[in-house]
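See below for the structure under consideration.
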Amino acid sequence: MSILSRYLAGQILASIGLTLAVLLLLFGFFDLLEEMGDVGQGNYTMAKALLYIALHQPGRIHELMPIAAIIGALFALARLAVNSEFNVMRASGLPPWQLIKLMLGLGGSLALAILIVGELVTPVAEQAAQQIKLRTTSRVVAQEFKSGLWAKDGQNFINAQEMLPDSTLVNIRIYQFDERFQLKAIQAAESGIWMEDGHWQLKNVQTTRLDESGARTELVPSLRWQSSITPELLSVLMVTPDRMALHALYSYIGHLKENRQKTTRYEIALWAKLVYPLAAPVMLLLALPFVYLQPRATGVSGRVMIGVLIGLAFYLVNRLAAHLGLLNDWPPSLSAGLPILVFSSLAAASLWLVERR
């Protein structure tokens, strides 16, 4: 990398880092205002609320990096243009293709950072944040309906009244059906604890078996229960799909397909995790045409405002595409990739118009 490229890269990355820090502070302040209503419930103190917000930041970094990229890049490039540094660079023989190559290189680095944060840091931090809040405000992780939490495991239907932060299931009902979908047994357990060797240990189990001769009931203090329902699958109740790890999403989608349940929401989240990092190089390329505008046409503040508007538009289009895809059963790859496709087309068209000038 030449001295000029290193200088440009340093200026752009510094501006992106500053922009990201400002956005994190802004969204952190909004998160704090939202958490103030829960402070004082149980053992949920202000210190716990601040820790909860801090653990949310990796998810925010993953979400805000493309927006920070275009705002930071426009700020850095506009400052270079206003100070006539960019004109000097062009007069020294800096071709547009070299700037495009530089932006793609920086965008690739940011995309890798987004992927690492989203895959390795965000899921762990998000789960830890939810556990802190649940343990200090309430003992219940999930209770999707009045009758509790429901799941399907092969030909069995499982109902748990509550799920605790340590993945313990409370007041479990297991409805077993035969190949003709006729109820053959009902198991009721006081609780179920996940064991390290990969099974649930049920306590105080009452089993009612149904056959042609009638119903028979037996009571046992403890029973081993082997099931494909694991704490990892149940962890989706604590972490939203867009902040889950790829392997967790893939595993849960497989579980839903095996049980013939709808997977669209999680497939969209899976594809979004794969294509969202590409937003970083697209945003940097979209910022590049603005540097060729005359400095007096739009100053630094004007170009930063343009960056804010483009970043906001990308955020809204990304959310809108996901919701429309879920409502209209679009292919998950289309729902996740449409915003990237639209903004990359805008970037290509803008660069082409600049080249024609």
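The values are calculated or read from the model by the stated rules, or taken from the named source; none is laboratory data. Being a predicted model, the structure only gives us computed values, none of them experimental. We place every Cβ from the backbone using ideal geometry, glycine too, and count neighbours over all the protein chains shown.
Suppose we filter Leu20, Leu55 for residues that are closer than 16 Å to Leu110 by Cβ and either touching a Phe, Trp or Tyr at 6+ places or on another chain (Cβ under 7 Å) or in contact (Cβ under 8 Å) with a residue 24 or more places away in the chain (or both); which single one remains? Please lay out each step first, then the result.
On the way: Leu55 fails: closer than 16 Å to Leu110 by Cβ.
Criteria check complete, one pass: Leu20.
Inspect all residues belonging to the range 167-179 and state whether any of them is of a type outside the set (A, V, I, L, M, F, W, C), touching a helix residue (DSSP H, G or I) at 6+ places or on another chain (Cβ under 9 Å) and within 30 Å of Gln131 (Cα to Cα).
Residues of the range 167-179 that are of a type outside the set (A, V, I, L, M, F, W, C), as a first pass: 167-168, 171, 173, 175-176, 178-179.
Subsequent filtering for residues that are touching a helix residue (DSSP H, G or I) at 6+ places or on another chain (Cβ under 9 Å) retains 167.
From what is left, the residues that are within 30 Å of Gln131 (Cα to Cα) are 167.
Checked the range 167-179: at least one residue is of a type outside the set (A, V, I, L, M, F, W, C), touching a helix residue (DSSP H, G or I) at 6+ places or on another chain (Cβ under 9 Å) and within 30 Å of Gln131 (Cα to Cα).
Are there any pairs, at least 6 apart or on different chains, whose C-beta atoms fall under 9 Å, with the first in the range 132-159 and closer than 18 Å to Val39 by Cα and surrounded by fewer than 16 Cβ atoms within 10 Å (Cβ to Cβ) and the second modelled with pLDDT of 70 or more and acidic (Asp, Glu), and if so, which?
From the range 132-159, the pairs are Arg139/Glu162; Val140/Glu162.
Tell me which of these Gly302 doesn't satisfy, since it passes every other one: (1) more than 21 Å from Leu74 (Cα to Cα); (2) small (Gly, Ala, Ser); (3) assigned to a helix (DSSP H, G or I).
(1)
So which residues in the range 67-93 are touching a Ser or Thr at 6+ places or on another chain (Cβ under 6 Å) and among the aromatic types (Phe, Trp, Tyr)? Before you say what the answer is, go through the steps one by one.
Quick first cut of the range 67-93, residues touching a Ser or Thr at 6+ places or on another chain (Cβ under 6 Å) only: 68, 71-72, 75-76.
Phe75, the sole residue that qualifies.
Take the residues in the range 202-239 that are touching a residue at least 40 places away in the same chain (Cβ under 8 Å) and of a type in the set (Ser, Thr, Tyr); name whichever of them is surrounded by the most Cβ atoms within 10 Å (Cβ to Cβ).
If we take residues in the range 202-239 being touching a residue at least 40 places away in the same chain (Cβ under 8 Å) and of a type in the set (Ser, Thr, Tyr), then Ser235 is surrounded by the most Cβ atoms within 10 Å (Cβ to Cβ).
Please determine, by comparing only the residues of the range 218-258 that are touching an Asp or Glu at 6+ places or on another chain (Cβ under 7 Å) and assigned to a loop (DSSP other than H, G, I, E, B), which one is farthest from Met163 (Cα to Cα).
Among them, the one singled out is Ala245.
Taking the condition of being surrounded by 16 or more Cβ atoms within 10 Å (Cβ to Cβ) and under 15 Å from Glu212 (Cα atoms), how many residues in the range 172-183 meet it?
Total meeting the criteria: 0.
Hey, among the residues in the range 32-69 that are small (Gly, Ala, Ser) and surrounded by fewer than 21 Cβ atoms within 10 Å (Cβ to Cβ), which one's modelled with the lowest pLDDT? Break it down stepwise before answering.
From the range 32-69, those small (Gly, Ala, Ser) are 37, 40, 42, 47, 49, 54, 59, 68-69; that's our starting set.
Among the residues that remain, those that are also surrounded by fewer than 21 Cβ atoms within 10 Å (Cβ to Cβ) are: 37, 40, 42, 47, 54.
Values: Gly37: 83, Gly40: 82, Gly42: 76, Ala47: 91, Ala54: 94.
In this case the residue turns out to be Gly42.
Taking the criterion of being part of a helix (DSSP H, G or I), outside the structural domain of Gly72 (by TED's automatic domain parsing) and either closer than 27 Å to Ser109 by Cβ or basic (Lys, Arg) (or both), would at least one residue in the range 277-285 satisfy it? Show your work before the answer.
Just the residues of the range 277-285 that are part of a helix (DSSP H, G or I), to begin with: 277-285.
Filter again for outside the structural domain of Gly72 (by TED's automatic domain parsing), leaving none.
No, that holds for no residue.
Taking Met283, is it within 30 Å of the chain's Cα centre (by Cα), surrounded by fewer than 18 Cβ atoms within 10 Å (Cβ to Cβ), modelled with pLDDT of 85 or more and among the hydrophobic types (A, V, I, L, M, F, W, C)? Even if it seems obvious, please write down each step before you answer.
Working: within 30 Å of the chain's Cα centre (by Cα): yes; surrounded by fewer than 18 Cβ atoms within 10 Å (Cβ to Cβ): no; modelled with pLDDT of 85 or more: yes; among the hydrophobic types (A, V, I, L, M, F, W, C): yes.
Taking the combined requirement at face value, the residue does not satisfy it.
How many residues are loosely packed, with under 13 Cβ neighbours inside 10 Å and part of a helix (DSSP H, G or I) if we restrict to the range 1-21?
5
Being over 30 Å from Leu320 (Cβ atoms), aromatic (Phe, Trp, Tyr) and either buried (at least 18 other Cβ atoms within 10 Å of the Cβ) or not assigned by TED's automatic domain parsing to the domain that holds Asp153 (or both) is the requirement here; does Trp271 meet it?
Spelling it out, it is not the case that Trp271 is over 30 Å from Leu320 (Cβ atoms), aromatic (Phe, Trp, Tyr) and either buried (at least 18 other Cβ atoms within 10 Å of the Cβ) or not assigned by TED's automatic domain parsing to the domain that holds Asp153 (or both).
If you take the residues of the range 75-125 that are closer than 28 Å to Leu234 by Cα and surrounded by 21 or more Cβ atoms within 10 Å (Cβ to Cβ), which of them is farthest from the chain's Cα centre (by Cα)?
Only one residue fits best here, namely Ile114.
Among what's in the range 162-171 and is part of a strand (DSSP E or B) and surrounded by 16 or more Cβ atoms within 10 Å (Cβ to Cβ), pick the residue that is nearest to the chain's Cα centre (by Cα).
Checked the range 162-171; the qualifying residue nearest to the chain's Cα centre (by Cα) is Met163.
I'd like to check something: does the range 331-340 contain any residue that is surrounded by 14 or more Cβ atoms within 10 Å (Cβ to Cβ), more than 17 Å from Tyr266 (Cβ to Cβ) and not hydrophobic (A, V, I, L, M, F, W, C)?
yes
Quick one: would you say Leu4 is of a type in the set (A, V, I, L, M), over 21 Å from Ala280 (Cα atoms) and modelled with pLDDT under 90? Even if it seems obvious, please write down each step before you answer.
Details: of a type in the set (A, V, I, L, M): yes; over 21 Å from Ala280 (Cα atoms): yes; modelled with pLDDT under 90: yes.
Yes, satisfied.
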